[in-house]
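Every read-out reported here was derived from the displayed coordinates using simple, explicitly stated rules and does not represent laboratory data. All values derive from a computational prediction rather than experimental measurement. FYI the Cβ positions are ideal-geometry reconstructions off the backbone, even for glycines, and counts take in every protein chain you see.
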Ligand code: NAP
């Protein structure tokens with residue numbers, strides 16, 4: 001992963017074009033004349049082949065050929081340009097309902113994506129419109145117009161609809177401001193600090209006049225946080241043998257706001273250092289997503305008790321009615337150059353499963369995307 005200067009508006013893309021071990025099934029390739037749309041297009045889709053045990057493997061996915069569907073009245077045909085690759089997709093590979101239903105075996109993986117309308121039977125969309133929505137991991141698909149939102153490519157690069165101006169940005173915005181309630185001069189600790197949500201949290205906390213301590217899994221990521229995003233202190237949890245000790249040094253007056261993206265032993269350490277009336281925002285627990293058994297850790301209640309502190313989880317859709325407010329503010333900060341973003345772009349539709357696995361080894365700096373076309 002190389003680092004490039006990140007500019008507001010432009011962000012940067014780390015391109016990973018390694019297609020070795022591609023999942024594409026050669027037996028599934030179309031023969032002459034098969035599955036072509038309009039004489040030009042053929043379709044591919046990624047399905048859940050099996051449920052993982054622990055860390056997912058490429059074998060848990062399968063790439064299939066499918067027909068390019070025809071839109072009916074009120075529908076549009078969308079060509080995928082970018083797929084959003086998100087940690088919660090791992091939870092959906094498990095059986096059993098979480099806050100979203102599980103993927104079914106042999107069914108298409110679904111998630112956020114940005115695409116281009118190639119055919120429209122809806123008055124709301126024209127061919128060439130750029131749209132975003134929760135759709136399937138497919139190259140082409142039909143969508144109902146009410147499930148799509150237009151993206152304005154003149155406002156910002158279209159990939160931002162999946163990152164800083166999409167769910168990760170909104171998650172950072174509402175989680176930090178509504179639950180964390182950071183005050184000027186307070187210390188905010190962010191785990192998963194170099195990810196899509198985390199790096200936005202760090203910057204919003206700086207905008208609010210806080211001292212920010214970021215925890216991430218490489219020196220390269222921490223350099224980015226300190227040198228590009230003005231994060232005050234960083235800790236590399238993979239090389240730091242005493243995370244609590246390092247945090248204590250970095251937060252001499254305690255932790256006023258903890259924005260938790262990862263859970264596990266990192267959060268155990270942070271919770272011992274919370275200050276009076278601290279707020280812990282439980283956004284994600286990625287360190288636990290591949291666990292086969294429920295995690296048992298230190299009990300946090302005594303820390304909350306003696307510090308009169310709060311801890312609250314949230315799901316971003318809790319804030320759906322206020323998304324407009326969040327988008328406006330994030331867009332304004334982006335325009336003013338107060339927010340930057342980074343993107344880690346993996347090339348090629350068939351590499352989407354590999355990109356998902358990469359989230360768990362920390363391959364991404366910023367938003368993980370797959371460029372399809
Ligand atoms: P992300 O942070 O861009 O990517 C995941 C990162 O997690 C990796 O880059 C890796 O960075 C880190 N990580 C992976 N395994 C880890 C482990 N065992 N211990 C510590 N860190 C680990 O992903 P994101 O989309 O921005 O999401 C961040 C968190 O927010 C996730 O937990 C996600 O589930 C959650 N989320 C919640 C909501 C909500 O509604 N509550 C919405 C969106 C996202 P390192 O190199 O630092 O290890």
Order these by the 10 Å Cβ neighbour count, fewest first: 333, 137, 230. 230, 333, 137
Most fluctuating of 149, 90, 354 in the GNM of the chain (C-alpha, under 10 Å) is 149
Extension gain (nm, one decimal) between residue 315 and residue 183, 0.36 nm per residue minus Cα-Cα: 45.2 nm
Please rank 272, 187, fewest neighbouring Cβ atoms within 10 Å first, as an exposure proxy. 272, 187
Pick from 207, 282, 167 the residue whose mean-square fluctuation is largest in a GNM of the chain, springs joining Cα atoms under 10 Å. 207
Which ordering of 91, 120 is given by a fewest-first count of other beta-carbon atoms within 10 Å? 91, 120
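Restricting to Cα atoms and excluding each atom paired with itself, what does the Kirkwood estimate give for the chain in Å?
Here the Kirkwood hydrodynamic radius works out to 21.5 Å.
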Compute the helix-to-body angle for 196-207: its Cα long axis versus the longest principal axis of the chain, expressed 0 to 90° and rounded to tens. 50
So for the chain, averaging the separation of alpha carbon pairs under 8 Å that are six or more residues apart and normalising by length, what relative contact order in percent results? 20
Taking Cα atoms, how many degrees apart are the long axis of helix 323-335 and the longest axis of the chain, rounded to 10 and kept between 0 and 90? 80
Rounded to the nearest 0.05, what FRET efficiency do residue 72 and residue 227 give with R0 = 45 Å and r taken as the Cβ-Cβ distance? Could you check? 0.30
Relative contact order computed over region 167-317 (Cα-Cα under 8 Å; 6+ residues apart), in percent: 23
Taking only the Cα atoms of region 232-280, how large is their convex hull per residue, in Å³? 77
Set of region 47-78 residues, backbone N closer than 17 Å to the point 7 Å along the Cα-Cβ line of residue 106: 47-51, 60-67
May I ask for log10 I(q)/I(0) of region 167-317 at q = 0.12, 0.17 Å⁻¹, from a Debye sum over the Cα atoms as equal point scatterers with solvent left out? -0.42, -0.90
